[in-house]
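Below: one structure, written as structure tokens.
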Amino acid sequence: MSRVFISKDPEDLQEGLHFLLQNGILEARSLIEFKGQSFECPTNYDILFIASIHAASFFLSKCHTTALIACAGVETAKKVAERYQKKIDFIAHQSGLPIEEAERFNIWRDGRTVCFPSSQLSLGTYSKHIPENEKIIMPVYQTQYKSLIIPEKDIYIFTSPSNVSAFFNNNQIPSNAKVVAWGRSTEQKLLEYQISVTQVLKGQQQMELLTWLSKYL
């Protein structure tokens, strides 16, 4: 039976992955943590773009908004809608393909101004091609690396570029291990560490992951 690591905490896993966790197949541990920082609530924007539930938590716990809501991914959209009772007006359904989804978002945006609550490590994929006078980049939290040693596994699943960087501060991947990237941005970060990526998850990642894992477990 393969041993599997995923860079997510147990409470963020869906039912199928929880089953693997409970049966000792899966180790689930995020390698990053988040710390809020001081900021002033912005005004005069049309769209609030939420890249993660962490961005939503830090921003919406302080700021009221009547803007349209856009989310980078189906899972993020679902959490924001449930936790904050928000109508989601735009969803990047293929969150693992950020460049393509950023282009689709920009067409939908149609010149409207956007607020991007983010961390200091944000790649800015969705904001980089928007004119300066049509966007507000709003750092609302800090992403920090945890110093963790992960026992060797047969399969490694990385859920963000930050988790990749945090992992390689203290760990290495065995040469024969399979590596799964949560989208193209995570794949690119793994390639920077000269890691061969076995599979890239593009859409509803946890469901895709379960289907892929079923071939090896």
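What's the number of the only condition in (1) out of contact with any Phe, Trp or Tyr (no Cβ under 7 Å at 6 or more places or on another chain); (2) over 18 Å from Asp9 (Cα atoms) that Ile173 fails to meet?
So Ile173 meets the others, but not (1).
Can you name every residue in the range 165-178 that is touching a residue at least 12 places away in the same chain (Cβ under 8 Å) and either crowded, with 18+ Cβ neighbours inside 10 Å or hydroxyl-bearing (Ser, Thr, Tyr) (or both)?
Within the range 165-178, Ser165, Ala166, Phe167, Ile173, Ala177, Lys178 qualify.
Select from the range 123-150 the residues that are aliphatic (A, V, I, L, M) and either under 17 Å from Asn163 (Cα atoms) or touching a Gly at 6+ places or on another chain (Cβ under 9 Å) (or both) and write down the one among them that is surrounded by the fewest Cβ atoms within 10 Å (Cβ to Cβ).
Only one residue tops the list, namely Ile149.
Just need a number here: residues in the range 122-159 that are within 23 Å of Arg104 (Cα to Cα), of a type outside the set (Lys, Arg) and either touching a helix residue (DSSP H, G or I) at 6+ places or on another chain (Cβ under 6 Å) or outside the structural domain of Asp9 (by TED's automatic domain parsing) (or both).
Final tally of qualifying residues: 15.
Going by the conditions given, is Ser196 crowded, with 20+ Cβ neighbours inside 10 Å and either in a loop (DSSP other than H, G, I, E, B) or hydroxyl-bearing (Ser, Thr, Tyr) (or both)?
When the stated conditions are applied, Ser196 does not pass them.
Just give me the residues in the range 93-121 being crowded, with 20+ Cβ neighbours inside 10 Å and either free of Cβ contacts under 8 Å to residues at least 24 places away in the same chain or of a type outside the set (A, V, I, L, M) (or both), in sequence order.
Passing the criteria: Ser95, Gly96, Pro98, Glu101, Phe105, Arg109, Cys115, Phe116, Pro117, Ser118, Ser119.
Is it the case that some residue within the range 16-23 is buried (at least 16 other Cβ atoms within 10 Å of the Cβ), assigned by TED's automatic domain parsing to the domain that holds Glu208 and within 19 Å of the chain's Cα centre (by Cα)?
Yes - at least one qualifying residue is present in the range 16-23.
Residues Leu48, Leu31: which one is farther than 24 Å from Gln94 by Cβ and surrounded by 17 or more Cβ atoms within 10 Å (Cβ to Cβ)?
Details: Leu48 fails: farther than 24 Å from Gln94 by Cβ.
Being farther than 24 Å from Gln94 by Cβ and surrounded by 17 or more Cβ atoms within 10 Å (Cβ to Cβ) holds for just one of Leu48, Leu31, which is Leu31.
Pick from the range 179-193 the residues that are on the phi < 0 side of the Ramachandran plot and in contact with a Pro (Cβ under 7 Å, 6 or more places away or on another chain): which of them is surrounded by the fewest Cβ atoms within 10 Å (Cβ to Cβ)?
Only one residue fits best here, namely Ser185.
Assuming Lys78 fulfils every condition listed in (1) modelled with pLDDT of 95 or more; (2) surrounded by fewer than 19 Cβ atoms within 10 Å (Cβ to Cβ); (3) not aliphatic (A, V, I, L, M); (4) not in a loop (DSSP other than H, G, I, E, B) apart from one, which condition is it?
Answer for Lys78: the failing condition is (1).
For the range 84-101, how many residues meet the condition of being at pLDDT below 95 and not in a loop (DSSP other than H, G, I, E, B)?
4
Only one of (1) buried (at least 17 other Cβ atoms within 10 Å of the Cβ); (2) at pLDDT below 95 is not met by Ser2, so which one is it?
Condition (1) is where Ser2 drops out.
Tell me the strands (runs of 3 or more DSSP E) entirely within the range 114-158 that contain at least 2 residues that are of a type in the set (Ser, Thr, Tyr).
Because the criterion is at least 2 residues that are of a type in the set (Ser, Thr, Tyr), the strands (runs of 3 or more DSSP E) in the range 114-158 that meet it are 114-119, 135-145.
The values are calculated or read from the model by the stated rules, or taken from the named source; none is laboratory data. Nothing here was measured: the structure is a model prediction, and the numbers come from that model. Backbone-built Cβ (ideal geometry, glycine too); neighbour counts: all protein chains shown.
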